[in-house]
Every structure is written in C-alpha cells, then in structure tokens.
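These notes concern the structure reproduced below.
The values are calculated or read from the model by the stated rules, or taken from the named source; none is laboratory data. The shown structure was predicted, so the numbers you read here are calculated from the model rather than taken from an experiment. FYI the Cβ positions are ideal-geometry reconstructions off the backbone, even for glycines, and counts take in every protein chain you see.
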Amino acid sequence: VLNGQIGFKGPGGIIWEEIGIHARGHIIHQGLLFDKKFRNTREILNLARLFLLPEVEDDEEQYKKLILACDCSTRSGLKPLLVWNTSLDHQTENTVYMVQRLLGSLKSAHYLSGIRPDDIAILYPHAETDDINLIGSMIANLAKYFPVQWVSEDRTTYERINLPGVKVHDCHSIQGIHYRVMIILFTERFERFFHDSEYFSDRYLFYNALTSPLDYLIIQYTDRTDIIRKILASEYVDEFTGK
C-alpha cells in the first residue's frame, strides 16, 4: 500500500532513500514491484488518490512517483461502498449488521472469501464524548458474536492489535496496519483535518484510512460534508442507504 508516512528497508538493511530511490510502501527488491500481499485493489486506490494531496514543501517529483504508483495496481475488486445513515447512532448499529453479514453466508464468495474477524477493522477519526459512548455500545453488541479489540488513541492499547478478533481503531492507531476489510465510521469528523488550521497537518490521515483496507472499503456518513460531496461526485463508489 502506498503510505507517504512510512519508509521501508530493502534486503540486507539497505535504506532505499540513502541510495537515491524514493520509494514508499511495502516493496520487494526485484524491480521495486509492490508486494501483492500488501497491495490495495485498483478500486480502493482510485478513490484514495482523490485525497492524496501534495504538500507545499514536498518534492514535486516524489509526488508524481506516488501518483504513478497508484496506477501500478492491477488487482481488481469491489468498489468501495458509501453508506448514508440518519444518525451517528445508526452508523454504529449498521456497522454491527455489516460485520455480521461479512462474516456470514451473504458475503461475496469471489472477492471476500474466507473473511475472519481478524480480517476486519472499524475506524473512526477521533472520538468526542458522545462518540465514545456510541462506540462502546457498538463494541458490546459486536462482542456478543466474536472477540473485539479497541485500539484507541491511548498508546497502552496498541498491543491489542495482536489479539484475536475484529479491531476498532482511531485514525492514528491504524497507521501502517492493513486489513482485508475496513469500515469507516463518522467520516464527517475527518472534515476538521481539511478546514481547521489546528489540524491541517493531519490531512494525510484520511488518505491513510482509505488505503488501510486491502480488499474492501465501507464508508459511513450522516452529514453531507465537503469530503462526502467529493466522494459522491466521483464514479468510484457504490451507494447504499443504511438506517
């Protein structure tokens, strides 16, 4: 997966940048091809690249290489699913339903075969006080059916990543981690990263969130913010009405 925040070493401890190769993402040695195991589908990358914005201080050539790398993915899959719900509460309720569906007999046998709880993550941008209560209730409902691990903003929870079950992440704890399926909650909360100068440097977190799933991405929202309008204006998602 392409992730401008993460650098990787090649064989024998070689750091690519030290020898003039500006590569980002999970890579293998031969020809700097992207390892299929860590490569997003073309459908996911098409959507994510809408939010891959060059920073003023970034090298223009390096940015062009990232864009080119987006075009290297030849693995096709399902379009991301954009789901509208009438409230944040309904977003969490619908998430429980969708996880059950993914793990049940109604999943796509071709693209999502063999999905296990460990393959699914639920992500939220950041949690306000009311959001924490909603997330806690959602986790309690999910835990009736399979293990759930909440990997929150608190770094002491990061070790839970290695425990079995569905993972619940905030946008910081997900960095550098990939799952087959990702469900994004409260997508409208990402808006502050694009419009509030206090959080402007965190804009990349939305791109990171979009590229965390390898096979399938589900985006839930209630308010039609600028981010949602941009997604709706693209041809890169299927739309669905939740609760």
Output yes when any residue across segment 181-203 is free of Cβ contacts under 8 Å to residues at least 40 places away in the same chain and in a loop (DSSP other than H, G, I, E, B), and no when none is. yes
Would you call ALA121 in a strand (DSSP E or B), among the small types (Gly, Ala, Ser) and assigned by TED's automatic domain parsing to the domain that holds SER212? yes
Only one of (1) more than 16 Å from the chain's Cα centre (by Cα); (2) surrounded by fewer than 18 Cβ atoms within 10 Å (Cβ to Cβ) does not apply to VAL148, and that is (2)
When every residue in segment 126-138 that is modelled with pLDDT of 90 or more and crowded, with 18+ Cβ neighbours inside 10 Å is compared, the one nearest to ILE177 (Cα to Cα) is ILE135
For segment 169-179, check the following and say yes or no: at least one residue is in contact (Cβ under 8 Å) with a residue 60 or more places away in the chain and of a type in the set (Val, Ile, Thr). no
Verdict on ILE174 being of a type in the set (Val, Ile, Thr), under 20 Å from LYS243 (Cβ atoms) and surrounded by 15 or more Cβ atoms within 10 Å (Cβ to Cβ): no
Of all residues in segment 139-164 being at pLDDT 95 or above and among the small types (Gly, Ala, Ser), the one that is farthest from ASP119 (Cα to Cα): ALA140
Considering segment 45-59, residues that are over 10 Å from THR211 (Cβ atoms) and part of a loop (DSSP other than H, G, I, E, B), and then whichever is modelled with the lowest pLDDT, we arrive at VAL56
Filter segment 184-243 down to the residues that are of a type in the set (Ser, Thr, Tyr) and under 22 Å from HIS90 (Cβ atoms), then identify the one that is surrounded by the fewest Cβ atoms within 10 Å (Cβ to Cβ). THR241
